[in-house]
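Before any comments, here is the structure.
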Amino acid sequence: LESHLHKAIERDELVLHYQPKVDVRGAKMVGVEALMRWRRNGVLVPPGDFIPMAEHTALIGPLTRHVLSTALAQVRTWIDAGRPLPIAINLSARNLHDEDFASQVAGLLAAHDVPADLLVLEVTESALTIDPERAQQMLKRLSALGVRISIDDFGAGYTSLGQLTKLPVSELKIDRSFVMTMAEDPGNAMIVQSVIDLGHNLGMTLVAEGVETEQSLTTLAGLTCDVAQGYHICRPIPADAFDVWCAERTLTVPRPARPSEASSSITAEASDGDLAR
């Protein structure tokens, strides 16, 4: 698999699919996440089948650079079309330990003539715990470029509050496992509310992943979450399909649940708007 993946990078068989991030309160498009797919022999290989392997080999470096270059080229296309969109890219722990990574990011931004603030780099809590000091130094170097930093899957790892305040983080992404079970598990609903409050107190934007129902979207609006992402809004799709989706969809505002409703029973009624339509 490692040999095939190495050849796939050379042959440009890796493609990016894009999933929109929507402002919960205004239902506006606020960004997009680029997700890697491998088209092997005409069939898409799930990322879970090859990314973990790449993370444990020297391939993660060229793989990440390929994704960054492809994503920034797409951002440049959107800028030229008058539609600049911030794009989020997932990083590996090994990227944070690569001394040349920040300079590589700076070079790619310059090569594609993309403003740094249109790039969001996502790191998981687990990636931060491997070598916290080294990770912190790299994130500060990336932030100094003007790139925005996001912590992915927040709540599922072990980031200490003390460490969180030392990192140049502008965004927290609430782990999907809590968002997807808010309606059935009041404990998880309280965790979602707590993470939102924590992030807002630290001046961060809160993104909820795994939004798969209108009820979840409405509940998140009541909990004052900022951004939603998930299958209810749109699945990850190729760039051309994404452009069509943007042109055809009119995003609507859900009726916010009252905070007391959202945090206690999570039974707020859905609005007539349907972001999946």
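The values are calculated or read from the model by the stated rules, or taken from the named source; none is laboratory data. Note that the structure is a prediction, hence the values are computed from the model and not measured. Positions of Cβ are generated from backbone atoms using ideal geometry, with glycine treated the same way; all protein chains shown enter the neighbour counts. Protein only, heavy atoms only, side chains kept; ligands, DNA and RNA dropped before computing areas. Shrake-Rupley method; radii C 1.70, N 1.55, O 1.52, S 1.80 Å.
Being among the hydroxyl-bearing types (Ser, Thr, Tyr) and open to solvent by 10 Å² or more (accessible area, probe 1.4 Å) is the filter; apply it to region 216-230 and report the residue that is modelled with the highest pLDDT. Lay out the reasoning, then the answer.
Pass one, region 216-230, residues among the hydroxyl-bearing types (Ser, Thr, Tyr): 216, 218-219, 224.
Applying the additional criterion that residues be open to solvent by 10 Å² or more (accessible area, probe 1.4 Å) yields 216, 224.
Numbers: SER216: 92, THR224: 95.
Taking the candidates together, the pick is THR224.
Sub-6 Å Cβ pairs linking a first residue in region 196-219 that is farther than 18 Å from LEU121 by Cα and touching a residue at least 12 places away in the same chain (Cβ under 8 Å) to a second residue that is surrounded by fewer than 22 Cβ atoms within 10 Å (Cβ to Cβ) and among the charged types (D, E, K, R), at least 6 apart or interchain, are GLY210/ARG176, ordered by first then second residue. Report yes if some residue within region 242-262 is crowded, with 20+ Cβ neighbours inside 10 Å and modelled with pLDDT of 90 or more; otherwise report no. Looking through region 242-262, at least one residue is crowded, with 20+ Cβ neighbours inside 10 Å and modelled with pLDDT of 90 or more.
From the list GLY187, GLY203, which one is open to solvent by less than 60 Å² (accessible area, probe 1.4 Å) and either touching a His at 6+ places or on another chain (Cβ under 8 Å) or not charged (D, E, K, R) (or both)? First the steps, then the outcome.
Details: GLY203 fails: open to solvent by less than 60 Å² (accessible area, probe 1.4 Å).
After ruling out the rest, the residue left standing is GLY187.
Out of all the residues in region 170-180, is one or more free of Cβ contacts under 8 Å to residues at least 24 places away in the same chain, open to solvent by 50 Å² or more (accessible area, probe 1.4 Å) and of a type outside the set (A, V, I, L, M)? No, region 170-180 contains no residue that is free of Cβ contacts under 8 Å to residues at least 24 places away in the same chain, open to solvent by 50 Å² or more (accessible area, probe 1.4 Å) and of a type outside the set (A, V, I, L, M). Look at (1) open to solvent by 30 Å² or more (accessible area, probe 1.4 Å); (2) more than 17 Å from PRO236 (Cα to Cα); (3) outside any helix (DSSP H, G or I); (4) in contact (Cβ under 8 Å) with a residue 12 or more places away in the chain and you find that THR129 fails only one, number (3). Of all residues in region 138-167, those satisfying the criterion of being at pLDDT 95 or above, open to solvent by 10 Å² or more (accessible area, probe 1.4 Å) and either not in a helix (DSSP H, G or I) or not basic (Lys, Arg) (or both) are SER143, ALA144, LEU145, GLY146, ARG148.
Per-residue answers, yes or no, for (1) hydroxyl-bearing (Ser, Thr, Tyr); (2) at positive phi:
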position: ASP12; (1), (2): no, yes
position: TYR18; (1), (2): yes, no
position: LEU44; (1), (2): no, no
position: PRO47; (1), (2): no, no
position: ILE51; (1), (2): no, no
position: ALA54; (1), (2): no, no
position: SER69; (1), (2): yes, no
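Among the residues of region 181-195, those identified as without any contact (Cβ under 8 Å) to a residue 60 or more places away in the chain, of a type outside the set (A, V, I, L, M, F, W, C) and not in a loop (DSSP other than H, G, I, E, B) are GLY187, ASN188, SER194. Within region 88-117, residues that are more than 22 Å from VAL32 (Cβ to Cβ) and at pLDDT below 95 have Cβ atoms under 7 Å from residues that are open to solvent by 40 Å² or more (accessible area, probe 1.4 Å) and of a type in the set (Val, Ile, Thr) in these pairs: ALA93/ILE130, counting only partners at least 6 apart in sequence or on another chain.
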